[in-house]
Protein chains: 2
Amino acid sequence: MMREIDTVHQSTPLLTALQQCATRSTATFHTPGHKRGKGVGKALQELLGDRVFAADLPELPELDNLFAPSGVIQEAQALAAQAFGADQTWFLTNGSTAGVIAAIVATCDPSEKIILPRNVHQSVISGLVLAGAVPVWVNPEFDPNWDLAHNVTPDAIAHALTQNPDAKAVMLVSPTYLGVCADVAAIAHLCHQYGVPLLVDEAHGAHFGFHPDLPISAMQAGADLAVQSTHKVLSALTQAAMVHVKGDRIDRDRLTKSLALVQSTSPSYLLLASLDVVRWQMATQGKALMEQTLQLAEEARSRLTQIPELAILESTRSPGVFDCDRTRLTIHVANLGIDGFTADDLLNQQWGVVAELPTLRHLTFIISLGNTKDDIERLVQGFEWLREKPKKSGSSVIGHWSFGSLVIGHQSFKDKGHSVLSPKLSPRDAFFAQHEVVPIQMAATRISAELVCPYPPGIPVLVPGEVITEKAIALLRQILVMGGTLSGCANPKLETVRVVKTIS
Amino acid sequence: MMREIDTVHQSTPLLTALQQCATRSTATFHTPGHKRGKGVGKALQELLGDRVFAADLPELPELDNLFAPSGVIQEAQALAAQAFGADQTWFLTNGSTAGVIAAIVATCDPSEKIILPRNVHQSVISGLVLAGAVPVWVNPEFDPNWDLAHNVTPDAIAHALTQNPDAKAVMLVSPTYLGVCADVAAIAHLCHQYGVPLLVDEAHGAHFGFHPDLPISAMQAGADLAVQSTHKVLSALTQAAMVHVKGDRIDRDRLTKSLALVQSTSPSYLLLASLDVVRWQMATQGKALMEQTLQLAEEARSRLTQIPELAILESTRSPGVFDCDRTRLTIHVANLGIDGFTADDLLNQQWGVVAELPTLRHLTFIISLGNTKDDIERLVQGFEWLREKPKKSGSSVIGHWSFGSLVIGHQSFKDKGHSVLSPKLSPRDAFFAQHEVVPIQMAATRISAELVCPYPPGIPVLVPGEVITEKAIALLRQILVMGGTLSGCANPKLETVRVVKTIS
């Protein structure tokens, strides 16, 4: 059986077709205009080499059609479904963003409710605006020691479902950016009791399920739909992603149409072929590659733990932490006497060690199948050097405020760790309303037209359509004073904010 | 002055920054997972070479942020605006599709009207669904000799504006797929008299304005916004595009937010850098490159014209044909005794000559800056061979029906060549309504949930939200019998059609 599957997965139908087209000698009178590279500017050719242009081809008959696949794309997607544990898989060239938006558009009609964690990605807000769906927010659990938002609990989702039996879908973000997983199986079970599909933004978990020491994947856990950024942790080209569906709670025709709404009708075959190769790679060597990746991560963990000033986020099962991706390292650096941004700059400039995400007190590192022992060596040596490096006096003054406690404590919708806030306007109505920009001191009682999300902890304080309170303004100011940053909003210094115009 | 501009345009800020990042030795702990190619599957590396992966990088601080640009992307976009005659330019990684959708979302609130030609691209229907805008259709002029839809006249737009003074925008497709331009300047003038912005889907016209023998660009003609597929005729990578804006009739903040709704938050720097290089290429050598492209096209035209069975679409100013792009060749092949699809197959298989678009009687060829004399030689020799090749007896029976006359004649909204049809439901309402699939013989009087667009002439007979009439069904059947094809719909044989469910 295993051998049989392996044989099937040795083929790469889409890549092979592209290769044949790319190496054929033709007189080319179709798009793209560079005609297999002959018209490309020399600086681009110097950067990317020649071959990539030969393969940058349009939807030739041999290459199938992404939006009505019946040939090599259909075959490649079917193989991917098998490898990633889905009944059906769609390849995306507009990132997980397209998958998240389409998941919402495919399950929620305008004005219908969707249950979501408050710490969703920006693309979810886009999905709410485009679908016209109304969010029912659930607070993630919060870790005061690390000042980090983790995941949501089954209890919190159950509560939201009880309060909102008319909700049309539940969406999770699992894993979080830092690799913390929800109990997807328990939540899927709950959702299905209510007859509601579970959609999982699994952007950072495309490698899950290929090794017993990694968390199980959303598909394995019984989710109805999962969106994966195949480029983030696996080896696809940036912007290439997949949507997987299992079972019949998702209307697949509607999902196909929803994906077509938000993706280029001239999809890049470079991106598509990279997805076919990832499937080949993971189906045939996935376990070995993940074994090696996990070993590198464990080596980094064990050596960095020997530096007494550092602490590494570990999986301790607790509410909101069902499992952790051990290939992701979040390292607390504040006890070195410097903040995370400074540590990031120094590691980058002196050692060429480039982190994924610096925050005030932590750095997050992604270890993937592309990393080597040498990378880990540099990472460890960099931190050892950082430890020894004389710090400017006074630079160790990083307080122990918990930004997250402030934000979670502030959320007026918090009720025993989970509950629900109805916005004044739906995100769609707030988007299309007339806007004006007002000074922050004039903003109280107005309806926000923008997202305002402080880092840490990455939980929005304001989502478009919500009323701006005095408390919210005070909180955001406090976070800025303490060294936090705001994202999502046009003026990250919070001198002004974009609000819905009052009709006078 | 000229020299000064040229010097500015010698720089490639975005490409240069990417080059520096790509050649730096780092220990990489950020996305993408392939880590500068080290983790990539070998088949992909064999196809694309090594270098492309080193440059496939995320939004590192040195590389700016596409959605809040303040560094090298901002600089590159400013240079592009200058080169393409705009006040501001946005780079797109989700094709012209993203630009067209954002143009509609940025100008029309839900339920507001937009005036458009009936032969719009699929992405416009997506824009209508996502924005919730209501289309006011204007018929394109029709050429019965060629059985082709051309462009719309200023008169038709004036009529629509008079009838719909509450419309919020006018959108044109100029040039059409076949290179036929509207009188954009006259239409812009009209729109501005009504205080309405003119949006131009200029997907096939990114090269316009770089040579006096090419049509003027939408920006030069006074349009407020133009969307260009920089990959289709210039040398960007597939899926890379630009939006240009001039003047203050477009709310640029809202356009920025609208673009962010429909584009990946992990944009590909391969695509972005290719846009920077196209700007460099066209700003510094555009005229010479277009001179050479036009010469190749003229050579093809003059040599192909000597084959008496062929006819080439030429620009004869007439209503709906203000100008033609002479780098695009549409060749009537039916007098060779074969249809366009067969001609396309034969040229492709025997000569490696690959056209952009075959239809029943024509082939369309795109000649661009990537073509060579050798390409033209093969094209001409291919047609000469095709002329001499013995045809199967009976294969010359291609009737002289005019599909387009049928469609245009059918359109019940036709009123002196231009007028307006209100759909029963908006495209958005039709998209989100409950659907069912019914046999075509049961479909009359139902509301279509899908686009049904016959080729030729590429003018939709049904748009989502419109009532299906007996006449429409008869027309579509007739087109199929005559050898035409249907696109946009789930069942292109028209045995069934997807309709809005009746509430019983």
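The values are calculated or read from the model by the stated rules, or taken from the named source; none is laboratory data. Just so it is clear, the structure is predicted and the values come from calculations on it, not from any experiment. Cβ: placed from backbone, ideal geometry, glycine included. Neighbour counts: every protein chain shown. For the accessible areas, the whole protein counts, side chains as well, though only heavy atoms, and no ligand, DNA or RNA atoms are used. Shrake-Rupley method; radii C 1.70, N 1.55, O 1.52, S 1.80 Å.
Here's the yes/no breakdown for (1) among the β-branched types (Val, Ile, Thr); (2) in a strand (DSSP E or B); (3) open to solvent by less than 30 Å² (accessible area, probe 1.4 Å); (4) touching a strand residue (DSSP E or B) at 6+ places or on another chain (Cβ under 6 Å):
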site: B:Asp429; (1), (2), (3), (4): no, no, no, no
site: B:Pro454; (1), (2), (3), (4): no, yes, yes, yes
site: B:Gly465; (1), (2), (3), (4): no, no, yes, no
site: B:Ala474; (1), (2), (3), (4): no, no, no, no
site: B:Ile479; (1), (2), (3), (4): yes, no, yes, yes
site: B:Leu486; (1), (2), (3), (4): no, yes, yes, yes
site: B:Cys489; (1), (2), (3), (4): no, no, yes, yes
site: B:Pro492; (1), (2), (3), (4): no, no, no, yes
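Of the numbered criteria (1) surrounded by fewer than 20 Cβ atoms within 10 Å (Cβ to Cβ); (2) within 25 Å of A:His9 (Cβ to Cβ); (3) under 21 Å from the mean Cα position of the chain (by Cα), the one A:Gln122 fails is (2). Among the residues of region A:100-119, are any aliphatic (A, V, I, L, M), over 21 Å from A:Val463 (Cα atoms) and either surrounded by 24 or more Cβ atoms within 10 Å (Cβ to Cβ) or under 13 Å from the mean Cα position of the chain (by Cα) (or both)? Yes, region A:100-119 contains a residue that is aliphatic (A, V, I, L, M), over 21 Å from A:Val463 (Cα atoms) and either surrounded by 24 or more Cβ atoms within 10 Å (Cβ to Cβ) or under 13 Å from the mean Cα position of the chain (by Cα) (or both).
Checking the structure you have, find out if any residue of region A:146-154 is surrounded by 21 or more Cβ atoms within 10 Å (Cβ to Cβ) and part of a strand (DSSP E or B). Within region A:146-154, one or more residues are surrounded by 21 or more Cβ atoms within 10 Å (Cβ to Cβ) and part of a strand (DSSP E or B).
Can you tell me which residues in region A:53-68 are more than 18 Å from A:Ser11 (Cα to Cα) and open to solvent by 40 Å² or more (accessible area, probe 1.4 Å)? Before you say what the answer is, go through the steps one by one.
First pass over region A:53-68, keeping only residues more than 18 Å from A:Ser11 (Cα to Cα): A:53-61, A:65-68.
Correct list: A:Glu59, A:Pro61, A:Asn65, A:Phe67, A:Ala68.
Would you pick out the residues in region A:357-391 that are open to solvent by 40 Å² or more (accessible area, probe 1.4 Å) and not in a helix (DSSP H, G or I)?
If we filter region A:357-391 for residues that are open to solvent by 40 Å² or more (accessible area, probe 1.4 Å), which is where we start, we get A:372-374, A:377-378, A:381, A:384-385, A:387-391.
Correct list: A:Thr372, A:Lys389, A:Pro390, A:Lys391.
Of the residues that make up region B:158-173, is at least one more than 26 Å from B:Pro427 (Cα to Cα) and touching a helix residue (DSSP H, G or I) at 6+ places or on another chain (Cβ under 8 Å)? No, that holds for no residue. Among the residues making up region A:34-52, those that are within 18 Å of B:Thr12 (Cα to Cα) and either in a helix (DSSP H, G or I) or more than 7 Å from every other protein chain (Cβ to nearest Cβ) (or both) are A:Lys42, A:Ala43, A:Leu44, A:Gln45, A:Glu46, A:Leu47, A:Leu48. Only one of the numbered conditions (1) at the interface with chain B (Cβ under 9 Å from one of its Cβ atoms); (2) within 20 Å of A:Gly127 (Cβ to Cβ); (3) without any contact (Cβ under 8 Å) to a residue 40 or more places away in the chain is not met by A:Ser264, and that is (3).
Just one of (1) within 17 Å of B:Leu255 (Cβ to Cβ); (2) more than 8 Å from chain A (Cβ to nearest Cβ); (3) part of a helix (DSSP H, G or I) fails for B:Ser96. It is (2).
Residues in region B:53-63 that are more than 7 Å from chain A (Cβ to nearest Cβ) and among the acidic types (Asp, Glu): B:Glu59, B:Glu62.
Please enumerate the residues belonging to region B:171-195 that are hydrophobic (A, V, I, L, M, F, W, C), open to solvent by 10 Å² or more (accessible area, probe 1.4 Å) and outside any loop (DSSP other than H, G, I, E, B). Across region B:171-195, the qualifying residues are B:Val173, B:Val184, B:Ala185, B:Ala186, B:Leu190. Scanning region B:209-230 for any residue that is under 16 Å from the mean Cα position of the chain (by Cα) and more than 24 Å from B:Thr153 (Cα to Cα) turns up at least one such residue. Residues in region B:365-394 that are within 26 Å of the chain's Cα centre (by Cα) and either of a type in the set (Gly, Ala, Ser) or at the interface with chain A (Cβ under 7 Å from one of its Cβ atoms) (or both): B:Phe365, B:Ile366, B:Ile367, B:Ser368, B:Leu369, B:Gly370, B:Asn371, B:Thr372, B:Asp375, B:Leu379.
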